[in-house]
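> Right, I'll just put the structure down here and ask away after.
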Amino acid sequence: MTVQTSSNRKLKQATDYAVADTMSAQVRSDANRLHDAYPTRLTKPLDSLWIERREDVVRGSADEGPLSQAQLDEFERKGFLFEPNFISGEELDELRRELAALLSRDDFRGRDFSITEPDGQEIRSLFAVHFLSRRFASLARDERLVGRVRQILGGDAYVHQSRINYKPGFEGKGFSWHSDFETWHAEDGMPAMHAVSASIVLTDNHEFNGPLMLIPGSHKCFVPCLGETPDDHHRQSLKRQEFGVPSREALRELVGRHGIEAPKGAAGGLLLFDCNTLHGSNANMSPDPRSNVFFVYNRRDNACVEPFAARRRRPSFLAHGPDEQWTPQD
């Protein structure tokens with residue numbers, strides 16, 4: 001006869017709860033897939049290269065914020081808008097000092113929210129930066145950004161993700177073509193295309209230091225990707241993405257129609273781009289580093305549900321909920 005101790009019973013109970021939670025999450029995820037407007041991470045290609053976008057790109061108007069009608073029209077048409085000299089002078093210097101201070105923090109190295117280069121130990125991204133830094137938290141709430149975001153999204157938004165990116169001179173690697181929405185939809189459970197990214201350039205951007213490249217007009221179609229999402233996919237994808245990458249056939253067709261643009265300019269510029277705009281970057285082969293601070297704003301009524309193409313959600317440092325408070329875990 002087996003005697004079940006109190007600790008054994010507690011362990012079995014905890015295990016049963018964990019299994020039940022996993023099963024219920026899988027049921028919810030399966031239900032999502034049945035009603036998914038943007039299926040992705042497929043086992044075989046669809047009959048078409050992409051799915052037409054359902055949501056409006058711009059939901060506000062020129063009289064509701066700082067962007068002019070011409071700027072809103074450009075964002076609607078291209079899926080992005082670049083504003084030179086958005087920040088300058090001492091404010092820009094302060095942000096650059098803050099970035100350098102965060103990247104030099106030895107206690108951040110080896111943490112899950114700190115991503116190093118694929119073949120080295122130099123930090124390339126720090127996530128949840130508006131929780132790590134009061135200065136960047138203040139910037140994320142700045143009405144100059146929030147007003148533009150509200151104007152594009154047509155409603156109040158929260159920070160779904162934040163990070164600083166650093167591409168060091170000579171060694172900074174590139175990143176494959178992708179749609180952010182595809183990842184946020186598949187792995188975070190973002191239901192619809194009601195999110196916009198705001199990237200403030202903190203170093204000069206030129207053609208040799210791996211600037212961001214975007215395909216104008218690509219935001220109006222969703223390109224499904226092939227391959228089942230591996231568990232803990234973020235551990236690999238944040239360094240080198242292999243799943244969630246559009247087919248070369250789709251990329252060739254879209255680039256043939258719309259071309260590629262790479263907004264460049266002096267430090268302090270602001271790039272706003274739609275969550276579904278296809279983008280990527282080359283390696284930095286110049287001596288000049290490239291860095292930016294990046295905030296993703298998601299409309300509050302578009303908060304994430306269960307992932308549409310993954311077995312469980314990514315960690316909270318990658319995908320925050322409305323009004324969520326996050327602190328680094330030891």
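The values are calculated or read from the model by the stated rules, or taken from the named source; none is laboratory data. Predicted, not measured: the structure shown is a model, and the values here were computed from it. Positions of Cβ are backbone-derived with ideal geometry, glycine not excepted, and every protein chain shown enters the neighbour counts.
> Inspect the stretch 310-318 for any residue being in contact with a strand residue (DSSP E or B) (Cβ under 8 Å, 6 or more places away or on another chain) and modelled with pLDDT under 95 and give the result as yes or no.
Within the stretch 310-318, one or more residues are in contact with a strand residue (DSSP E or B) (Cβ under 8 Å, 6 or more places away or on another chain) and modelled with pLDDT under 95.
> In the stretch 58-76, is there at least one residue being free of Cβ contacts under 8 Å to residues at least 40 places away in the same chain, assigned to a helix (DSSP H, G or I), out of contact with any helix residue (DSSP H, G or I) (no Cβ under 6 Å at 6 or more places or on another chain) and of a type in the set (A, V, I, L, M, F, W, C)?
Yes, there is a match, as at least one residue in the stretch 58-76 is free of Cβ contacts under 8 Å to residues at least 40 places away in the same chain, assigned to a helix (DSSP H, G or I), out of contact with any helix residue (DSSP H, G or I) (no Cβ under 6 Å at 6 or more places or on another chain) and of a type in the set (A, V, I, L, M, F, W, C).
> Among the residues in the stretch 8-19, are any at pLDDT below 85, over 30 Å from Ser316 (Cβ atoms) and among the polar types (S, T, N, Q)?
Yes: the stretch 8-19 contains one or more residues that are at pLDDT below 85, over 30 Å from Ser316 (Cβ atoms) and among the polar types (S, T, N, Q).
> Kindly indicate whether Glu90 is surrounded by 15 or more Cβ atoms within 10 Å (Cβ to Cβ) and not in a loop (DSSP other than H, G, I, E, B).
On the way: surrounded by 15 or more Cβ atoms within 10 Å (Cβ to Cβ): no; not in a loop (DSSP other than H, G, I, E, B): yes.
Judged against the criteria, Glu90 is not a match.
> Among the numbered criteria (1) touching a helix residue (DSSP H, G or I) at 6+ places or on another chain (Cβ under 6 Å); (2) closer than 30 Å to Ile51 by Cα; (3) part of a helix (DSSP H, G or I), which single criterion is violated by Phe136?
All conditions are met except number (2).
> What residue, among those in the stretch 139-180 that are assigned to a helix (DSSP H, G or I), in contact with a Gly (Cβ under 8 Å, 6 or more places away or on another chain) and of a type in the set (Lys, Arg), is nearest to Phe273 (Cα to Cα)?
Among them, the one singled out is Arg148.
> Something else now. Enumerate the pairs (first residue in the stretch 91-117 and farther than 11 Å from Ser133 by Cβ; second residue anywhere and in a helix (DSSP H, G or I)) with beta-carbon separation below 6 Å, excluding pairs fewer than 6 apart on the same chain, so at least 6 apart or on different chains.
Pairs that qualify, where the first residue is farther than 11 Å from Ser133 by Cβ and the partner is in a helix (DSSP H, G or I), are Ser114/Phe108.
> Let me ask something else. For Asp107, work out the one condition from (1) within 25 Å of Thr183 (Cα to Cα); (2) in a helix (DSSP H, G or I); (3) of a type in the set (Asp, Glu) it doesn't fulfil.
If we test Asp107 against (1) within 25 Å of Thr183 (Cα to Cα); (2) in a helix (DSSP H, G or I); (3) of a type in the set (Asp, Glu), just (1) comes out false.
> Residue check, Arg290 against (1) basic (Lys, Arg); (2) at pLDDT 95 or above; (3) under 21 Å from Glu261 (Cβ atoms), all met but one. Which one?
For Arg290, the exception is condition (2).
> Restricting attention to the stretch 77-107, which residues are out of contact with any Gly (no Cβ under 9 Å at 6 or more places or on another chain) and among the aromatic types (Phe, Trp, Tyr)?
Phe80
> Oh, and also: Inside the stretch 196-220, can you point out the residues that are surrounded by fewer than 18 Cβ atoms within 10 Å (Cβ to Cβ) and touching a helix residue (DSSP H, G or I) at 6+ places or on another chain (Cβ under 8 Å)?
Gly217
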